[in-house]
Amino acid sequence: MNELLDAFPVEGSDVDRLRARLVAAAEAEGILDVAYRTVDTPVGPLLLAATEQGLVRVAYPNQGHDAVLQALADRVSPRVLHAPGRLDPVARQLDDYFAGRRQRFDVPLDWRLSTGFRSTVLHHLAIDVDYGHTASYAALAALAGNPKAVRAVGTACATNPLPVVVPCHRVVRSDGAIGNYAGGVEAKRTLLELEAA
């Protein structure tokens with residue numbers, strides 16, 4: 001679309017109006033399969049994507065937003081559109097979370113990008129590890145029903161499609177070390193410090 005805009009220059013407000021019409025038409029026809037937007041946060045701009053079922057993906061900048069959108073097109077639907085309105089409730093809750101006014105997210109989630117044991121781990125994480133608390137990978141493996149699956153828990157956290165909302169940042173090593181994080185160690189530290197305040 002940028003090439004088209006370069007070839008036929010138009011006012012920014014015209015482009016915004018055309019995009020809004022496209023989003024409205026796609027929603028009316030029931031063909032807006034994946035809506036996305038980005039939000040600015042203390043841990044960098046987060047990409048948010050949602051299907052009609054709910055939030056399906058949260059991505060950090062270091063994960064490559066374009067690559068994430070391509071993966072969504074490949075795994076969910078090629079009908080992916082910048083349609084921020086669908087994600088307004090998530091954006092508001094993230095604002096509240098980062099301002100210290102929210103401890104739990106209350107938005108519908110679309111879990112389709114996580115299956116099997118990984119899904120089990122993430123569901124336990126979303127329910128059993130409260131704001132301001134941490135759990136070890138071993139403790140989460142036990143909660144998920146397989147105490148020996150510590151590495152698998154690490155993989156589930158590393159591939160969590162819904163970081164921040166499904167709080168894999170609350171999982172730390174048994175020795176108390178912070179461990180790795182998809183958004184980077186500094187992002188993990190920032191989230192843990194926010195919740196400890």
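The values are calculated or read from the model by the stated rules, or taken from the named source; none is laboratory data. Values in this document were obtained by computation on a predicted structure and should not be read as measured data. In this analysis, Cβ positions are derived from the backbone assuming ideal geometry, glycine residues included, and neighbour counts consider all displayed protein chains. Areas reflect the complete protein model, heavy atoms only, side chains present, ligands, DNA and RNA absent. Shrake-Rupley method; radii C 1.70, N 1.55, O 1.52, S 1.80 Å.
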Practice item. Could you check, for the range 175-188, whether at least one of its residues is open to solvent by 50 Å² or more (accessible area, probe 1.4 Å) and assigned to a helix (DSSP H, G or I)? Key: yes
Exercise for review: Please tell me if residue 92 is buried (at least 18 other Cβ atoms within 10 Å of the Cβ), at pLDDT 95 or above and of a type in the set (D, E, K, R).
Suggested key: no
**Study point:** Tally of residues being crowded, with 16+ Cβ neighbours inside 10 Å and under 21 Å from residue 49 (Cα atoms) across the range 108-118
**Key:** 6
Review point. Among the residues of the range 109-124, is there at least one that is touching a strand residue (DSSP E or B) at 6+ places or on another chain (Cβ under 6 Å) and part of a helix (DSSP H, G or I)?
Key: no
Point to revise | Subset of the range 120-171 that is without any contact (Cβ under 8 Å) to a residue 24 or more places away in the chain, in contact with a Phe, Trp or Tyr (Cβ under 8 Å, 6 or more places away or on another chain) and within 23 Å of residue 50 (Cβ to Cβ) - its residue that is most open to solvent (accessible area, probe 1.4 Å) | key: 123
